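The values are calculated or read from the model by the stated rules, or taken from the named source; none is laboratory data. Please read these numbers as outputs of a predicted model, since none were measured by experiment. Note that each Cβ is placed from the backbone with ideal geometry, even for glycine, and that neighbours are counted across all protein chains shown. Surface accessibility is based on the protein's heavy atoms, side chains included, excluding ligands, DNA and RNA. Shrake-Rupley method; radii C 1.70, N 1.55, O 1.52, S 1.80 Å.
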Amino acid sequence: MQQNQVKIHQALSISTAENGKGNDLIRAGPGIPVEHENGTALQVSIFRKIYFDTDLSSSMLTALIPTKNHGIYLENLISNVVFGEHSPVSQLLICNDASTDDTAAILAKYAGDSRIRVFENKASIGAMASLMTMYHHVDTAYVMFMASDDFFYPEQMGRLLEETVKRDAYVGFGKYTILDGDQITELHHPGWQARHFNGADDFRALLGFDHYAFLCTTVFRKDFLPKHGPDSIPYDLSLNRQVSVDGLGEFRGHDWNLAIEMAAMYPEKFHFQDEYCGCFRKVASQLSSDEVYVHTGRASFEMAILILRHLSDYRLRKRIKDVDLFRNSVKNLFYAKFGGVTEAAKQSDNFNAIYKPLILAADTLINNM
């Protein structure tokens, strides 16, 4: 058994692991400029020819937004972002998930806009279920999912969609900033650099450097998204059932899992736009905050689930195993998330009964690749 595996097993047994900041791994990247991907000659498909030779470029992208009690953001989001000047979005599907603020009244103002379709939930069903309620009403070639408190930069997203189509990519994503109060910071995610290293692809980089394809700055070719469950939806909602027993709500890493699935299936079909295309807004009591997500052990538990889910397949495991950088980075990320769990949380029933068995199983797998 290797040294790191001994350490995590001992830490789980006698609670001696040092407490750390799991999210620091994501937010403390070196900020090395990333070169644009080479504009290699691509065979012009019929799809791309139609895009460039007709007016379809203005009717190719649908945005899906679930919203709950975010009325304060909605008018600006809809008028100045989603349908702002140069925005590539042609259709908006938005679901009011039983908001108790003025969301319904704000959305009613757009009743005459043929580009917008509003869905109303009488009782809250959650963001993910709301997204999937709308998903089957998408009839454009490309789709994007976003939260109602985040926003994108219309002109940059327009360029992102154009390049994604031009390169015949199934996933196109750009960089994003972070808004904390009134301060906007340019994120330098290490995964954006890692995906350019020798032997890299997005499957390896996503598992080794955490999620870096932020939904608000990502577009998907709808026909190639995964199809889960009887309704053939892109998100695997069985992950919710796997974690909900801890009382902390639905699986937080759905977006990460979706990106990993796409990268596993289509490693050559990702396009990275090396410019800031949108913004993640930090707000109080977010479910993804360190206090709720990292320090409780939920973050390490979810990564354990993803490790077991994807690396149980030998062909995928070999893609990680064969490149030292990514074999080590998967371990380092997993141990960083485990290092963020507080000693108090390690004594909890949730941790010992629910999280610990899968964390140990994932630890064993990555140390025996």
> Only one of (1) among the aromatic types (F, W, Y); (2) free of Cβ contacts under 8 Å to residues at least 40 places away in the same chain; (3) surrounded by 15 or more Cβ atoms within 10 Å (Cβ to Cβ) fails for Y293. Which number is that?
Replying inline: (2)
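Just the residues that are of a type in the set (K, R) and within 13 Å of M157 (Cβ to Cβ), please, taken from region 210-232. Please lay out each step first, then the result.
Initial filter on region 210-232 (of a type in the set (K, R)): 221-222, 227.
Within region 210-232, none qualify.
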> Taking into account only those residues within region 340-368 that are of a type in the set (V, I, T) and assigned to a loop (DSSP other than H, G, I, E, B), which is most open to solvent (accessible area, probe 1.4 Å)?
Replying inline: T342
> Between residues in region 104-119 that are within 17 Å of N76 (Cβ to Cβ) and at pLDDT 95 or above and residues that are of a type in the set (D, E) and open to solvent by 60 Å² or more (accessible area, probe 1.4 Å), which pairs lie under 9 Å by C-beta distance while being six or more apart or on different chains?
Replying inline: I106/E75; L107/E120; K109/E75
> Does region 249-274 hold any residues that are of a type in the set (K, R) and under 15 Å from the mean Cα position of the chain (by Cα), and which are they?
Replying inline: R252
> Of the residues in region 238-258, how many are open to solvent by less than 10 Å² (accessible area, probe 1.4 Å), in contact with a helix residue (DSSP H, G or I) (Cβ under 7 Å, 6 or more places away or on another chain) and under 24 Å from D201 (Cα atoms)?
Replying inline: 3
>> I'd like to know if region 130-145 contains one or more residues that are closer than 26 Å to W256 by Cβ, buried (at least 17 other Cβ atoms within 10 Å of the Cβ) and small (G, A, S).
In response: yes
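Please specify each residue of region 90-103 satisfying the condition of being open to solvent by 40 Å² or more (accessible area, probe 1.4 Å) and either in contact with a Ser or Thr (Cβ under 7 Å, 6 or more places away or on another chain) or at pLDDT below 95 (or both). Even if it seems obvious, please write down each step before you answer.
The initial filter retains those residues of region 90-103 that are open to solvent by 40 Å² or more (accessible area, probe 1.4 Å), namely 91, 100-102.
Correct list: Q91 only.
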> Does region 116-127 include one or more residues that are within 20 Å of the chain's Cα centre (by Cα) and open to solvent by less than 40 Å² (accessible area, probe 1.4 Å)?
Replying inline: yes
> For region 188-237, how many residues are open to solvent by 10 Å² or more (accessible area, probe 1.4 Å) and among the polar types (S, T, N, Q)?
Replying inline: 3
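Pick out the one residue from Q193, Q183 that is out of contact with any Lys or Arg (no Cβ under 9 Å at 6 or more places or on another chain) and free of Cβ contacts under 8 Å to residues at least 24 places away in the same chain. Break it down into steps so the answer makes sense when it comes.
Numbers: Q193 fails: free of Cβ contacts under 8 Å to residues at least 24 places away in the same chain.
After ruling out the rest, the residue left standing is Q183.
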> Of all residues in region 175-205, which are outside any loop (DSSP other than H, G, I, E, B), in contact with a Gly (Cβ under 7 Å, 6 or more places away or on another chain) and closer than 30 Å to S90 by Cβ?
Replying inline: Y176
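Being among the charged types (D, E, K, R) and without any contact (Cβ under 8 Å) to a residue 12 or more places away in the chain narrows it down to one residue among R327, R315, R319; which is it?
Details: R327 fails: without any contact (Cβ under 8 Å) to a residue 12 or more places away in the chain; R319 fails: without any contact (Cβ under 8 Å) to a residue 12 or more places away in the chain.
Exactly one residue qualifies, and that residue is R315.
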> For region 43-59, does any single residue satisfy the condition of being aromatic (F, W, Y), within 26 Å of E163 (Cα to Cα), modelled with pLDDT of 95 or more and open to solvent by less than 50 Å² (accessible area, probe 1.4 Å)?
Replying inline: no
>> Among the residues of region 155-167, are any open to solvent by less than 50 Å² (accessible area, probe 1.4 Å) and not in a helix (DSSP H, G or I)?
In response: no
> Restricting attention to region 315-326, does a residue exist that is under 23 Å from G297 (Cβ atoms), over 22 Å from the mean Cα position of the chain (by Cα) and open to solvent by 30 Å² or more (accessible area, probe 1.4 Å)?
Replying inline: no
>> Please go through (1) of a type outside the set (D, E, K, R); (2) farther than 18 Å from S238 by Cβ; (3) part of a loop (DSSP other than H, G, I, E, B) for F251 and return the number of the only condition it doesn't satisfy.
In response: (2)
>> Testing A141 on (1) closer than 18 Å to K222 by Cβ; (2) at pLDDT 95 or above; (3) touching a strand residue (DSSP E or B) at 6+ places or on another chain (Cβ under 6 Å), one condition comes back false. Which one is that?
In response: (3)
> Does region 259-274 hold any residues that are surrounded by fewer than 18 Cβ atoms within 10 Å (Cβ to Cβ) and part of a helix (DSSP H, G or I), and which are they?
Replying inline: M265
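So that you can scan it fast, the table gives a plain yes or no per residue for (1) under 30 Å from N96 (Cβ atoms); (2) among the charged types (D, E, K, R):
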| residue | (1), (2) |
| --- | --- |
| F151 | yes, no |
| V165 | no, no |
| D168 | no, yes |
| F173 | yes, no |
| I178 | yes, no |
| A194 | no, no |
| F197 | no, no |
| D210 | no, yes |
